[in-house]
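Asker: The structure follows.
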Amino acid sequence: ARTLRLVLGDQLNPGHSWFQQVDAQVVYVLMEVRQETDYVLHHAQKILAIFAAMRDFARQLRAAGHRVRYVALESASNRQSIPGNLQALARHYGARSVQWQQPDEWRLDAQLQAWAATQPLAWDIVDSEHFLTARGELAALMQGRRQWLMEHFYRHMRRRHRLLLDADGQPEGGRWNFDHDNRKPWPGTPPQPPDWRPTHDHSGLWAMLQRCGVDSLGQPQAAALRWPLNRAEALACLEAFIAQALPHFGDYEDAMASQAPRLFHSLLSFALNVKMLQPLEVIRRAEAAWRGGLAPLAAVEGFVRQILGWREYVRGIYWSCMPGYENRNALGHHLPLPRWFWTGDTGMRCLQLSIRQSLQTAHAHHIQRLMVIGNFALLAGLDPVALHRWYLGIYIDAFEWVELPNTLGMSQSADGGLIATKPYVSGAAYLQRMTDYCRGCAYDPRQRTGPRACPFNALYWDFFDRHSTALRDNHRLTLVYRQWQKMPPQQQEALRGQARQLRGRLDTL
Ligand code: FAD
Ligand code: SF4
């Protein structure tokens, strides 16, 4: 063979132009390595799903006639690092060149280039042919702007791809954004659709991971792994989402319910992030559903905005801020994560349910991640780097390019407000309105102080008080500070005292 082509575990796109032709001089290399199982403590289902999907992908490539070298985790010749294996395989095959697709993580991008620079081999990096924007495109578009508003980028993308536009190039329905229609609590009907995802038995793979001593968190559910593991399964999931959930996606996008953990979300993030699905095909499918009268415009626009807007936007933020973004801590938060982040054993029912669900299923939807777990972390002042590593591990869809800007930037405002124009925080009133979590909670959402008071309340006011130097001039927070200043000093003092006490015993909440 003359060429090795590396396929990373999140590059499982059978439609990539690499695979259009069979070439006996090319060996496709996929590898399971400790470097990847160990860079953070991952959810068991995340490791299982990625390895199982890689194995499936290798089978498909072989069936299509390609030469494939699959390095299993247990293989005796496995060097357990990507460069280590590439080096050994290049020698083994007498390869003269190595090619890889642009990695999405800075970590791998830097590692591969550093390795290649020391090699006599020719090397080449090709596009992964997945995203709708190049790495540096957001930065170029935003040049000279003080704030990198997602909405500005999103409209630009809608125009460029002619999505949800009328014949005159104007947004369908007369508005670019239907966010205001998409904020309803869920009354219990229509019912959450049944879980449409396939079930796989990967107990054999799980036993192998155990034999190798791979550490993980959460429940493996190896005998009933519920994630799409190849493109055909992912497409079936997309169709089920379009038919069964998209019509209600908009209305209940921000809702949370103890009996309905998935609600009307797509659960497509894993399939998208490992590139079994292409973003544009998913968006066009949703647009077609609206044009065919199968889903309302507000729902379809909301869904399109997440993928065409937010997903591409956070990737642009990532590439313009790396390296170094992962260590930003603009608000100077340093408290360690409470122990119940790994068990869900807390009396705060919203956190208990959201974290237990994350441990059980490796998934929580956006508002649980942002307005329950992230909200609490920001109000309490948890260390954003520790929090980032927790998010990077626990979710099935967590890859640094998308997880880091969402956690550190959007959720924790640790980047100094580059993404979030104001901190995403709330007291208990918001959670009581949008969820049924407060019913049956050990705490009372209406109380601010005292032993039964919901911790979100005192922590909320204390957060704004502690950070008034950084935040009080933000015009989007004028009302909050006006309310705080109107409070009698004894009440302010009581809230400060309550918050101090709570922050001193987070493990016991
Ligand atoms: P749906 O609600 O059905 O949305 C459809 C699709 O839109 C998703 O599959 C996803 O591809 C995309 N999307 C939606 N919101 C975002 C967003 N904010 N950024 C990027 N893409 C978005 N998403 C990840 O893919 N990986 C992560 O590691 C990740 N970490 C997050 C951490 C925090 C603190 C927060 C607040 C959000 C994070 N998100 C992350 C974004 C979002 O929560 C998930 O994409 C979503 O919950 C996945 O579930 P779903 O497929 O059912 O999404
Ligand atoms: Fe969460 Fe407070 Fe409601 Fe309990 S009362 S569920 S802690 S918001």
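The values are calculated or read from the model by the stated rules, or taken from the named source; none is laboratory data. Keep in mind the model is a prediction, meaning the values are calculated, not measured. So basically every Cβ, Gly included, is an ideal-geometry build from the backbone, and we count neighbours across all protein chains shown.
Asker: If you check Trp196 against the conditions, is it closer than 25 Å to Glu281 by Cα, more than 22 Å from the chain's Cα centre (by Cα) and surrounded by 15 or more Cβ atoms within 10 Å (Cβ to Cβ)? Reasoning before the result, please.
Answerer: Values: closer than 25 Å to Glu281 by Cα: yes; more than 22 Å from the chain's Cα centre (by Cα): no; surrounded by 15 or more Cβ atoms within 10 Å (Cβ to Cβ): yes.
Taking the combined requirement at face value, the residue does not satisfy it.
Asker: Inside the range 340-359, can you point out the residues that are surrounded by fewer than 20 Cβ atoms within 10 Å (Cβ to Cβ) and either among the aromatic types (Phe, Trp, Tyr) or assigned by TED's automatic domain parsing to the domain that holds Leu267 (or both)?
Answerer: Trp340, Trp342
Asker: Looking at the range 84-98 only, could you name the residues that are crowded, with 19+ Cβ neighbours inside 10 Å and in contact with a helix residue (DSSP H, G or I) (Cβ under 9 Å, 6 or more places away or on another chain)? Walk me through it before giving the result.
Answerer: Looking only at the range 84-98, we keep the residues that are crowded, with 19+ Cβ neighbours inside 10 Å, and these are 85-86, 89-90, 95, 98.
The answer is Leu86, Ala95, Val98.
Asker: Now for a separate question. Could you figure out which of (1) within 16 Å of ligand 2 (Cβ to nearest atom); (2) aliphatic (A, V, I, L, M); (3) in contact with a strand residue (DSSP E or B) (Cβ under 9 Å, 6 or more places away or on another chain) isn't true of Met256?
Answerer: Result: Met256 passes all but (3).
Asker: Under 8 Å between Cβ atoms, at least 6 apart or on separate chains: pull out the pairs that start in the range 425-443 with a residue that is without any contact (Cβ under 8 Å) to a residue 40 or more places away in the chain and of a type outside the set (A, V, I, L, M, F, W, C) and end on any residue that is part of a loop (DSSP other than H, G, I, E, B) and more than 16 Å from ligand 1 (Cβ to nearest atom).
Answerer: Note: pairs meeting the criteria are Gly427/Cys454; Gln432/Cys438; Gln432/Pro445.
Asker: Restricting attention to the range 448-471, does a residue exist that is closer than 24 Å to Met256 by Cβ, outside any helix (DSSP H, G or I), among the basic types (Lys, Arg) and within 16 Å of ligand 2 (Cβ to nearest atom)?
Answerer: Checked against the condition, which is being closer than 24 Å to Met256 by Cβ, outside any helix (DSSP H, G or I), among the basic types (Lys, Arg) and within 16 Å of ligand 2 (Cβ to nearest atom), the range 448-471 yields at least one hit.
Asker: Okay, next question. Residue by residue through the range 269-299, note down the ones that are within 15 Å of Leu165 (Cα to Cα), of a type in the set (A, V, I, L, M, F, W, C) and over 20 Å from the mean Cα position of the chain (by Cα).
Answerer: Residues satisfying the conditions are Ala286, Ala288, Ala289, Trp290, Leu297, Ala298.
Okay, residues lined up against (1) part of a helix (DSSP H, G or I); (2) at positive phi; (3) within 10 Å of ligand 1 (Cβ to nearest atom):
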position: His333; (1), (2), (3): no, no, no
position: Phe341; (1), (2), (3): yes, no, no
position: Gly347; (1), (2), (3): no, no, no
position: Leu353; (1), (2), (3): yes, no, no
position: Leu359; (1), (2), (3): yes, no, no
position: His363; (1), (2), (3): no, no, yes
position: Leu370; (1), (2), (3): yes, no, yes
position: Gly374; (1), (2), (3): yes, no, yes
position: Leu379; (1), (2), (3): yes, no, no
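Asker: I would also like to ask the following. In the range 381-409, what residues are touching a residue at least 40 places away in the same chain (Cβ under 8 Å) and β-branched (Val, Ile, Thr)? It would help to see each step written out before you state the result.
Answerer: As a first pass, look at the range 381-409 and keep what is touching a residue at least 40 places away in the same chain (Cβ under 8 Å): 381-390, 392-402, 404-406, 408-409.
Listed by number, the residues that qualify are Val385, Ile394, Ile396, Val402.
Asker: Name the one entry in Gly417, Gly440 that is loosely packed, with under 13 Cβ neighbours inside 10 Å and either assigned to a strand (DSSP E or B) or within 31 Å of the chain's Cα centre (by Cα) (or both). Spell out the reasoning first.
Answerer: Working: Gly417 fails: loosely packed, with under 13 Cβ neighbours inside 10 Å.
Every option except Gly440 fails the conditions.
Asker: On to the next question. Could you look through the range 294-334, keep only residues that are over 25 Å from Val402 (Cβ atoms) and outside the structural domain of Leu267 (by TED's automatic domain parsing), and pick out the one that is nearest to ligand 2 (Cβ to nearest atom)?
Answerer: His334
Asker: Test each condition in (1) assigned to a helix (DSSP H, G or I); (2) farther than 30 Å from Val385 by Cβ; (3) under 26 Å from the mean Cα position of the chain (by Cα) for Thr37 and report the one that comes out false.
Answerer: (2) is the only condition that Thr37 fails.
Asker: Out of all the residues in the range 403-428, which are away from ligand 1 (no atom under 12 Å from the Cβ), of a type in the set (S, T, N, Q) and modelled with pLDDT of 95 or more?
Answerer: Of the range 403-428, the ones away from ligand 1 (no atom under 12 Å from the Cβ) are 415-418, 421-423, 425-428.
Narrowing the set further to residues that are of a type in the set (S, T, N, Q) leaves 421, 426.
Passing the criteria: only Ser426.
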